[in-house]
Amino acid sequence: MAGFKVAIDGPAGSGKSTISKMIAKELGMTHVDTGAMYRAVTLLAIERRINLNDESQYDFLETIQISYHDDQIYVDNRIVEDDIRSKEVTENVSLVSSFPYVRKKMVDIQKNLSTSGDIIMDGRDIGTVVIPNADLKIFLVADVVERAKRRQLEKHKKGFKVDLEKLVEEITTRDHKDSSRAESPLRKADDAIIVDTTNLTVNQSVKKIIELIQSAKGAINE
Ligand code: DC
């Protein structure tokens, strides 16, 4: 059997990865966080001190293996989960992910991953480009101030103090860059269902999407 495929797209901070991870655990699916892959490329580009604006300098991707297994991102055999969440990576990832060469490399890996078993994949172009034939497509949204508050809370938990207004500005800028780029911009697939998490807790969002998954599965089995 090909497996049940769920595509979750949406803007920065809408809760995609947290929610997808929990759903995957509860339903025994494989979760793939595609944003982590673009972050890994950005981390490598920074570490290698290439000119981030020059697409041709990303050809290091020919020799390096970016892989994703057990809900963990690897660069060759190195686990990079903590390093890819840095401020410097976050500030540059929209630029790096706008290059067609980088996208082609990552989309190839993602398409490959999507063929094995029950998958829940989150990102910006999963329903539109990576798994256009997904069994269920969700477009997760939340008010920008609410998204900034969630980021602020995450940072506080890690011991960092950040200004809310600054976070709103950062998220708005990233949303704009991700939605206006020429190559596979963030947009809702025509057949995606919008889930607004502004007034939902994480558990409520998980419950709502699990209900949508069950009903999509029911429709397939009818
Ligand atoms: O989900 P995230 O915030 O970790 O994603 C980081 C960046 O990667 C995001 O600003 C846009 C880019 N991205 C993308 O272009 N396509 C995807 N499928 C996932 C992420």
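The values are calculated or read from the model by the stated rules, or taken from the named source; none is laboratory data. Note that the structure is predicted; figures quoted are calculated from it, not measured. As a convention, Cβ positions derive from the backbone with ideal geometry for all residues, glycine included, and neighbour counts pool all protein chains shown. Quick note on the areas: whole protein, heavy atoms, side chains included, nothing else; ligands and nucleic acids left out. Shrake-Rupley method; radii C 1.70, N 1.55, O 1.52, S 1.80 Å.
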>> Sort 176-189, 93-106 by packing, meaning the average of other beta carbons within 10 Å per residue, with the highest value first.
In response: 93-106, 176-189
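Test of understanding: express the Cα radius of gyration of the range 84-174 as a ratio to 2.2 N^0.38 Å, with N the residue count.
Working: Rg = 15.8 Å, N = 91, 2.2 N^0.38 = 12.2 Å.
Normalised Cα radius of gyration, the range 84-174: 1.30.
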> Per-residue accessible area for Thr90 at 1.4 Å probe radius, Å² rounded to 10?
Replying inline: 40 Å²
> What residue among Leu200, Thr172, Met106 has its Cα farthest toward the positive end of the dipole of the chain, where the charges are +1 on Lys, Arg and -1 on Asp, Glu, each on the Cβ?
Replying inline: Leu200
> Sorted from largest down, what three extents in whole angstroms do the Cα atoms of the range 37-90 have along their principal axes?
Replying inline: 33, 26, 13
> How compact and how long is the range 67-222, expressed as Rg and Dmax of its alpha-carbon atoms in Å?
Replying inline: 16.9, 52
> Which value at 222 nm does the chain reach when only helices count, each DSSP H run of 4 or more adding -39,500 (n - 2.57), with the total divided by all residues and rounded to the nearest 500 deg cm²/dmol?
Replying inline: -15000 deg cm²/dmol
> Among Lys16/Lys149; Lys111/Lys157; Lys25/Lys155; Lys157/Lys217, which pairs are too far apart, with a Cα-Cα distance over 26 Å?
Replying inline: Lys111/Lys157; Lys157/Lys217
> Using a simple charge model, +1 on the beta-carbon of Lys and Arg, -1 on the beta-carbon of Asp and Glu, nothing else, what dipole does the chain show about its Cα centre, in debye to the nearest 20?
Replying inline: 420 debye
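Output the direction-averaged projected area (hull surface divided by four) of the convex hull of the alpha-carbon atoms of the range 153-222, in nm².
On the way: hull surface 29.1 nm².
Computing the convex hull of the Cα atoms and averaging its projections yields 7.3 nm².
State, as an integer percentage, the relative contact order of the range 31-149 based on alpha-carbon contacts under 8 Å between residues 6 or more apart. All intermediate terms of the calculation are to be shown ahead of the outcome.
Values: 100 pairs, mean separation 38.5, N = 119.
Value for the range 31-149: 32 percent.
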> How many angstrom lie between the C-alpha centres of the range 115-189 and the range 1-37?
Replying inline: 12 Å
>> I need two numbers for the range 1-112: Rg to one decimal and Dmax as a whole number, Cα atoms only, in Å.
In response: 14.3, 45
